[in-house]
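Notes follow once the structure below has been shown.
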Protein chains: 4
Amino acid sequence: MATLCDKYLRTRSLNAPSPIYQFGPCGRIMKNSTVVMTIQDPASQRLTWNKPPISVLVIKKIHDSLVIQPFIDLVRWLIWEKKMSVYVESAVMDDPQLKTNQLFQPFKDKLCTFREGMDDLTDKVDFIICLGGDGTLLYASSLFQQSVPPVMAFHMGSLGFLTPFEFDNFQDQVSNVLEGNHLPHCLPNTAHTLVILTHESYYTTSGHAALTLRSRLRCLIVRKNETISAIEKLSKQNTCHLVLNEVVVDRGPSPYLSNIDLYIDGKHITTVQGDGLIVSTPTGSTAYAVAAGAAMVHPSVPAIMVTPICPHSLSFRPIVVPAGVELKICVSPDSRNSAWVSFDGRNRQEIQLGDSLRVTTSIFPVPSICAEDQISDWFDSLAECLHWNVRRKQRQFD
Amino acid sequence: MATLCDKYLRTRSLNAPSPIYQFGPCGRIMKNSTVVMTIQDPASQRLTWNKPPISVLVIKKIHDSLVIQPFIDLVRWLIWEKKMSVYVESAVMDDPQLKTNQLFQPFKDKLCTFREGMDDLTDKVDFIICLGGDGTLLYASSLFQQSVPPVMAFHMGSLGFLTPFEFDNFQDQVSNVLEGNHLPHCLPNTAHTLVILTHESYYTTSGHAALTLRSRLRCLIVRKNETISAIEKLSKQNTCHLVLNEVVVDRGPSPYLSNIDLYIDGKHITTVQGDGLIVSTPTGSTAYAVAAGAAMVHPSVPAIMVTPICPHSLSFRPIVVPAGVELKICVSPDSRNSAWVSFDGRNRQEIQLGDSLRVTTSIFPVPSICAEDQISDWFDSLAECLHWNVRRKQRQFD
Amino acid sequence: MATLCDKYLRTRSLNAPSPIYQFGPCGRIMKNSTVVMTIQDPASQRLTWNKPPISVLVIKKIHDSLVIQPFIDLVRWLIWEKKMSVYVESAVMDDPQLKTNQLFQPFKDKLCTFREGMDDLTDKVDFIICLGGDGTLLYASSLFQQSVPPVMAFHMGSLGFLTPFEFDNFQDQVSNVLEGNHLPHCLPNTAHTLVILTHESYYTTSGHAALTLRSRLRCLIVRKNETISAIEKLSKQNTCHLVLNEVVVDRGPSPYLSNIDLYIDGKHITTVQGDGLIVSTPTGSTAYAVAAGAAMVHPSVPAIMVTPICPHSLSFRPIVVPAGVELKICVSPDSRNSAWVSFDGRNRQEIQLGDSLRVTTSIFPVPSICAEDQISDWFDSLAECLHWNVRRKQRQFD
Amino acid sequence: MATLCDKYLRTRSLNAPSPIYQFGPCGRIMKNSTVVMTIQDPASQRLTWNKPPISVLVIKKIHDSLVIQPFIDLVRWLIWEKKMSVYVESAVMDDPQLKTNQLFQPFKDKLCTFREGMDDLTDKVDFIICLGGDGTLLYASSLFQQSVPPVMAFHMGSLGFLTPFEFDNFQDQVSNVLEGNHLPHCLPNTAHTLVILTHESYYTTSGHAALTLRSRLRCLIVRKNETISAIEKLSKQNTCHLVLNEVVVDRGPSPYLSNIDLYIDGKHITTVQGDGLIVSTPTGSTAYAVAAGAAMVHPSVPAIMVTPICPHSLSFRPIVVPAGVELKICVSPDSRNSAWVSFDGRNRQEIQLGDSLRVTTSIFPVPSICAEDQISDWFDSLAECLHWNVRRKQRQFD
């Protein structure tokens, strides 16, 4: 039995301890090595580098004049101090506030540009820096439909769910992340000792930034009458959408309620009658899903959330299912209208009777760098972004 | 990238596929072998036996005359047909309806009895059969504070969350479970083939019963002024409580709202002002937590739920955190009254200012045998027990 | 002080008893006769007629073959037995299922038809009968933007919120309603006596049908730059929309959240950020509002409900305000997009920055005839349409 | 039809305009003068006095040192400047912080004291001033089980739901209320003119304080086997409880769920299985009921709210019913345990099978003086006490 002593000595963990697979004197789990996976504790995930990163993609919030100056400061520093190649979207160069900004001219020509949907960034970008709101990270996610470079996201004002870093003294913070691999003191030998001394020191002295691997959902629309081979082909052609927050199925412009069938692992689970259905990651639990009434799920819980939008039923409470299931969503045969799908708020399209949407967890998460650690970052953002249980002390209830 | 083809070939899984740990050309997770764990996919968990089970504990719902006859039928069959040793609680022998029942007399003396809290069942019981409601499984859980033998739970009427089996032809069903180990065809080699053919065949032809490992929470009350060494001693003395549904902290008989502080991994998360707080397992998400407004979480999601009871705050939405965290709950220094703790509705006791309740996931789950599989059993119980999204077809909304 | 005796003698009431306006020895309400109104207890509202009704509008659900035969039976009986003038919408005559129905031919030419939006039904229709779902009553409401004739609504299958009557033996039921004025025994003198004997007898023996006066909301869109005089003109031109369920303001096809400002009686109350806002009558509380999370409000509570749709705030609980307030809703100056308004699901239109929507309670309710009485009809529909608190008896929680 | 012009000319109102009782050419409401009541618009309720108030009851929050100085300042001023008789509870004189306070000694002997439950305050108190939290107003309500003198409630710090006044310059504020009757300009003739000019002037220039008449619920426990005559006797003996917030029925110390039957006007409405049931006034909708999930109802809506506490049902949404109904609540015959009742958190007592609790709206409201007006006071308290829809502006969602 795990003693308290054991407990205090073990490394702080987000994974539950492995369960004992022996049940009474003779019962046990049948071993099946083909379905075993090894996972590293999310709490111990640290960013490191194979080789020093040399190219960085900078994504800035558009139409926000507050971001102009930080953007210029950051890019200048990356180019001149850090000698990095800096990528920006070509549209950025057309921003009138930048074009006319004198400070921007000197290094304007040093930037590499790309056009969304036309230029392939795969293997070109080592590191991503976002400046602005949560939307910049969603945009970064959309640019990388396979492996995503590590993302460091700065908010410009108040903390976001996905943007934990303050921009003040960005130089030190970015340097720390970039040079994480240079630090000599690795964790393995010292983890146990450290942790028993102080919890905080474990996270802050290691020299390597903590990472939250934000799971994404892999979504594929299969049209009526498509053959299996066609589906495979489509799949290879990257027609999947990877979403970081959620995929939404709704009634679109129709004034009528949708009837949407939900299947999990091939089993018909329920029919949704209402405005629609949200299938979200834990990251997305604090986005649209929370507005529709979902519970908030920490991004390191391996799960998928299913939340109805304004269901015409008193009893359609949101559910949380294991991350490994496959969901299939389609228009009910008795529905009078089609449905509309959108992916992290983009690529809106109609699905007709006979089409289906397939959703599973992707193997390509977004590696999002923590400002402090996974627990602190999340609860800080709940308090600041959602005022979660922020109350006035109720003197008057004495 | 995982192709659709890959997806259809891989075994149906509840675990998400392992994420790719390479992020862009140079980023990657720092390997740390001390915090790696291997887990077997919950969807593939099958019960097997080291040696044939010979002793069985039968738990029957008390004060329910409907259970008398099934109990007699079952016990008689276990003793005479299966030649097993049958344990029952000694209180059962005093049940007036049994005492006077002629059918019970012939084998009454063959039963082994134990007294709760006095006799130790550890290593004596190979298998557990429950007859009645969800309460019988909670009771079984409370009897085994460490390893729990596999549990097969029959409902007497309508499906429960924890009691998936129908009693009709119990003989075949129990035999199948007991003899699972005799079947020759193991899965490993054939899994891939099977699954691509039909999803259902995978689960039903294997011959081994599917298991849900229902996680439990390990709860320890640390009294004010207890030293670390005392705590360790307590811990070793099994003063922990393992709960299958939830541990509840409430204001008890006090008319005033409680002020309860919640810490996660040492960080102060929030203060609850209201009737109390529920910390529950996913299994418990459909018990008291759902009544308090929680989302429903599938039992194979490795998570802990924190749900306030009637919070005096509009914004205290329930949260779901990773199964590996440690929660500490204590009375706030500014609270005018103490709080009360209960464990799966039992062992109610007061905690004062200075005391604390520590909660983590236990390594001893309850291995609960599925009637069909983890997904089907759960959704069937949601529909039947909670009428989850059971609606009338809304003809009139045309 | 009201004694229990008083209480049992007074007529069953839905209005609270008049409060005592004397507060302690010297305080009292300042009398102000200009703002006094007299109201009759909703529980005592009975339908009567100035003169025998001779024209009846029959509204049938469209595209539902189950309604064809009842429609024919009803119309034939109204024309031949009751000698009434029967109005139907002209589109009904084009229904292929009717056109080819032999039973319909004999009296087809006896029907009066009207075209929605072209022919004025005011003063032409004494009585309305609806056949089908709740939508038929919404449609009836939309046809009469001022005084609405009494409505008797039959469901075809299961009870609706607005359709309490079963079609079986419709002849007796319709006759009772039409002849209510012929019954000699009026209530006034006998009410007190009756009620002390049995509650039910009061409602069922009176001979006059109970009425629910379903309040409607009077909605006016005021465009930017419209002058007061123009507004008055518009108002006189019947450009108001009267809704029976709700007026909805939402983000329309925009992917961005709306920012909508809400004013009550000229005071800025809050800004909604989310999918939108529902302003509903008590009748509408069980329609879209309940899907968005509202409480259910009995139709005789004089109130207006304000319910956000998927608000991006944990603390935006629905509110219920007095029926007499005026609401003003407009696009926030800092909103990046316009909003869309619809009235009982119809007349969808855009509002821009500078436009506003004004909502008050109309003086023209929909007089909806009860099958039993206001309390029974409402709770029966909650149970049947929404499964309100319909549970399985929880044997297993023993 | 009401024109916009009409609307702007009519006095701001909380009552809806009287509906037109003519429905189409011949339908109308049957007149029944016995069930007609006249009500004055809540928005026009102003406090006036038959004669100048001379006695004032001061209620101060206990155990709160912040209230000591304001209490002394207020009482001294009332006695010496206003020449009023001041009543305080006798327990106040024993407060150690007062006893030793030098400032309190000079007029200590001028105070009239009373003992709760022993001395009758009826007809002795003209006016009530509360200092502290909402609890002081609940206490004031409990002291006056029939007519309640006007109450002016000061908060000591932040706004409460029931305590709208700031203590700064209390002298002017109290004088204004006390002298309201001296102002010469009455409303009737000028109301229309005023209101069209400016909404605010209507409320602030009238010289008379706006009143919210907070309805109370009249609760009577009828024990098993009590005869009707005994009930009447009890009723006359003032054994009723009048609650300002709510009456709560819960399972008390029992670990089992309660089964509670709810009847409205004699009809069985539903059975509650859960922690209990709250029956609240609109005032109480922002107290315990809001914690249990209720919508917030403005105090001038004539309604009663029924809210379950942690119901074991997904579909038990709170309901709002007309203020005039009678509720009966009793333990279900199939419940295994009794239930407990408490009235505004006091007088907790058990009800057994066969007992029943009867609840109706009382004719004795609490006349609570507004700081501004009914609408502003309520929304200000929602924002400050519950942070209702208080959000951060979401820059990052661009």
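The values are calculated or read from the model by the stated rules, or taken from the named source; none is laboratory data. As the structure is a computational prediction, the values presented were derived from the model and not from experiment. Cβ: placed from backbone, ideal geometry, glycine included. Neighbour counts: every protein chain shown. Note: accessible area is taken over every heavy atom of the protein model, side chains too, but ligands, DNA and RNA are not part of it. Shrake-Rupley method; radii C 1.70, N 1.55, O 1.52, S 1.80 Å.
Points worth noting:
- If you go through region D:1-49 and pick out every residue that is closer than 30 Å to D:V177 by Cβ and at pLDDT 70 or above, you end up with 17.
Yes/no matrix, rows are residues, columns are (1) open to solvent by 10 Å² or more (accessible area, probe 1.4 Å); (2) more than 20 Å from the chain's Cα centre (by Cα); (3) within 12 Å of chain B (Cβ to nearest Cβ):
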site: A:N347; (1), (2), (3): yes, no, no
site: A:E350; (1), (2), (3): yes, yes, no
site: A:R358; (1), (2), (3): yes, no, yes
site: A:I363; (1), (2), (3): yes, no, yes
site: A:S368; (1), (2), (3): no, no, yes
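- Taking the numbered list (1) modelled with pLDDT of 55 or more; (2) open to solvent by 60 Å² or more (accessible area, probe 1.4 Å) in turn, D:I221 passes all entries but (2).
- Filter pass, C:D168 being at pLDDT below 90, in a loop (DSSP other than H, G, I, E, B) and open to solvent by 40 Å² or more (accessible area, probe 1.4 Å): no
- Some residue of region C:298-307 being in contact with a Phe, Trp or Tyr (Cβ under 9 Å, 6 or more places away or on another chain), facing chain D (nearest Cβ under 8 Å) and more than 18 Å from C:T360 (Cα to Cα): yes
- Within region D:30-101, strands (runs of 3 or more DSSP E) holding 3 or more residues that are free of Cβ contacts under 8 Å to residues at least 12 places away in the same chain and open to solvent by 10 Å² or more (accessible area, probe 1.4 Å): D:36-40
- Qualifying residue in region A:92-111 (condition: at pLDDT 90 or above, within 27 Å of the chain's Cα centre (by Cα) and over 30 Å from A:S158 (Cβ atoms)): no
- Conditions (1) free of Cβ contacts under 8 Å to residues at least 60 places away in the same chain; (2) in contact with a helix residue (DSSP H, G or I) (Cβ under 6 Å, 6 or more places away or on another chain); number of the one not met by D:S300: (1)
- Of residues in region D:224-267 being of a type in the set (S, T, N, Q) and open to solvent by less than 60 Å² (accessible area, probe 1.4 Å), the one modelled with the lowest pLDDT: D:S235
- Within region B:276-294, considering residues that are small (G, A, S) and within 12 Å of chain D (Cβ to nearest Cβ), the one surrounded by the fewest Cβ atoms within 10 Å (Cβ to Cβ): B:G293
- C:V301 passes every criterion in (1) open to solvent by less than 10 Å² (accessible area, probe 1.4 Å); (2) under 24 Å from D:N15 (Cα atoms); (3) in contact with a Lys or Arg (Cβ under 7 Å, 6 or more places away or on another chain); (4) of a type outside the set (D, E) apart from (3).
- Test: residue in region B:139-146 that is touching a helix residue (DSSP H, G or I) at 6+ places or on another chain (Cβ under 8 Å), within 20 Å of B:H241 (Cβ to Cβ) and within 14 Å of chain C (Cβ to nearest Cβ): no
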